[in-house]
Amino acid sequence: MSFEIFLGIDQAEAAAEKGHSRPLPTAAIYKSGSHWILESDLSISGLNKRNIESLIKDLNPQHKLSSTIILLDSVLGLPKGVFPKNKNIFELMQRAHRFSDDGRKLGPKTAHAFFAQFLEKTSDPHPRRECERIASASSIFQTPSAPKNISTGTFRSWTELGSSKEKWFSLWPMDDLHHQRLHLHGPWIFEAHPDLLWKKIIKSNSRDTESLKNFLAAQKFVKLHPSVLRSPHNLNFCDAIILAYSGLLFHKRKRLFRTPKVPSLKKEGWILGL
């Protein structure tokens with residue numbers, strides 16, 4: 001498949017005060033003639049079709065939604081033991097969009113209340129997906145006060161992706177590559193964890209901005225937009241850069257759609273690069 005734009009979207013800033021959403025730090029790699037350009041210091045107000053299309057048009061009006069890959073810092077699945085029967089992940093995202101807790105639509109407490117409903121028939125308070133066990137990643141069901149609370153950003157991404165009546169995107173590996181190519185003309189969205197990709201791609205066990213700058217200066221795949229020079233001052237934009245760059249790199253290595261041989265991928269999903 002031919003792709004011309006790779007978006008890295010970080011979910012660190014899930015919600016601001018008074019329940020209002022913060023813009024999501026974004027980086028993009030896009031085709032310009034025979035070259036790839038890496039641009040950072042971008043943002044979108046939310047994960048919906050209109051915002052993604054608007055960003056693509058601003059970057060290069062010739063590119064289309066169907067030629068776009070999105071690497072999203074968000075959990076995109078549930079453990080098979082708690083996944084509701086006869087439901088798919090998009091239906092759960094639509095449920096998240098309708099959900100509120102004491103009138104609150106966003107925030108750690110609302111996110112925790114939403115995901116807690118899936119634990120009603122299990123004795124395990126923190127079930128994990130197979131990919132999370134392999135990656136030693138945190139459970140989405142941890143309490144809001146946990147040191148690394150991933151449920152808040154995930155809940156926001158679910159509510160925004162589930163805000164549309166019709167599904168306008170494909171999720172890997174839940175959706176079949178060939179079927180979606182025939183029936184849907186939206187982007188592909190991949191779950192990707194910046195912490196893992198810092199280690200895999202940058203060879204850094206921490207979010208070391210100097211390592212990122214040295215890596216970008218040495219690589220030959222993309223030309224750097226002047227905005228990239230500003231990004232190391234903000235770790236969230238650094239994460240977005242890692243996400244976008246990893247998307248292009250895995251695509252060039254023909255590893256983007258490589259499906260692991262594990263059960264329940266359609267429910268649990270997978271972490272790119274694992």
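Things to note:
- Scanning segment 161-174 for any residue that is modelled with pLDDT of 95 or more and part of a helix (DSSP H, G or I) turns up at least one such residue.
- Residue within segment 80-87 that is crowded, with 18+ Cβ neighbours inside 10 Å, at pLDDT 95 or above and within 17 Å of Ser157 (Cα to Cα) present: no
- Considered as a group, the residues in segment 124-152 that are open to solvent by 90 Å² or more (accessible area, probe 1.4 Å) and over 18 Å from Ile271 (Cα atoms) include one that is modelled with the highest pLDDT, and that residue is Ser145.
- Boolean, Ile52 is β-branched (Val, Ile, Thr), in contact (Cβ under 8 Å) with a residue 60 or more places away in the chain and open to solvent by less than 20 Å² (accessible area, probe 1.4 Å): yes
- Contact annotation: residue pairs with Cβ atoms under 9 Å, 6 or more positions apart or on different chains, pairing a residue in segment 262-274 that is over 17 Å from Pro194 (Cα atoms) and in contact (Cβ under 8 Å) with a residue 60 or more places away in the chain with a partner that is open to solvent by 40 Å² or more (accessible area, probe 1.4 Å) and in a helix (DSSP H, G or I), are Val262/Glu130; Val262/Ile134; Pro263/Glu130; Ser264/Glu130; Leu265/Glu130; Glu268/Glu130.
- Every residue from segment 114-160 that is more than 23 Å from Arg22 (Cα to Cα), assigned to a helix (DSSP H, G or I) and acidic (Asp, Glu): Glu130, Glu132
- Under the condition of being at pLDDT below 95 and under 20 Å from Trp168 (Cβ atoms), the residues counted in segment 5-23 number 2.
- Condition check for Leu272: modelled with pLDDT under 95 and surrounded by 13 or more Cβ atoms within 10 Å (Cβ to Cβ): no
- Residue pairs meeting the criteria (Cβ under 8 Å; at least 6 apart or on separate chains; first buried (at least 17 other Cβ atoms within 10 Å of the Cβ), in segment 248-260; second part of a loop (DSSP other than H, G, I, E, B)): Leu248/Phe221; Leu248/Val222; Leu249/Phe221; Phe250/Leu256; Phe250/Leu272; Phe250/Gly273; His251/Phe3; Leu256/Leu272
- Check on Ser211, among the small types (Gly, Ala, Ser), part of a helix (DSSP H, G or I) and surrounded by fewer than 22 Cβ atoms within 10 Å (Cβ to Cβ): yes
- Flag for Leu265 being within 22 Å of Leu59 (Cα to Cα) and crowded, with 17+ Cβ neighbours inside 10 Å: no
- All positions within segment 108-123 that are out of contact with any Asp or Glu (no Cβ under 8 Å at 6 or more places or on another chain) and open to solvent by less than 70 Å² (accessible area, probe 1.4 Å): Pro108, Ala111, His112, Phe115, Ala116, Gln117, Phe118, Leu119, Thr122
- Candidate set from segment 24-42 (those that are small (Gly, Ala, Ser) and modelled with pLDDT under 95); member that is nearest to the chain's Cα centre (by Cα): Ser32
- Test: residue in segment 153-164 that is surrounded by 13 or more Cβ atoms within 10 Å (Cβ to Cβ) and farther than 23 Å from Leu7 by Cα: no
The values are calculated or read from the model by the stated rules, or taken from the named source; none is laboratory data. Not measured: the values here are computed from a predicted model. Every residue, glycine among them, receives a Cβ derived from its backbone with ideal geometry; neighbour counts consider all protein chains shown. Ligands, DNA and RNA are stripped out before the accessible areas are found, and what is left, the full protein with its side chains, is counted by its heavy atoms. Shrake-Rupley method; radii C 1.70, N 1.55, O 1.52, S 1.80 Å.
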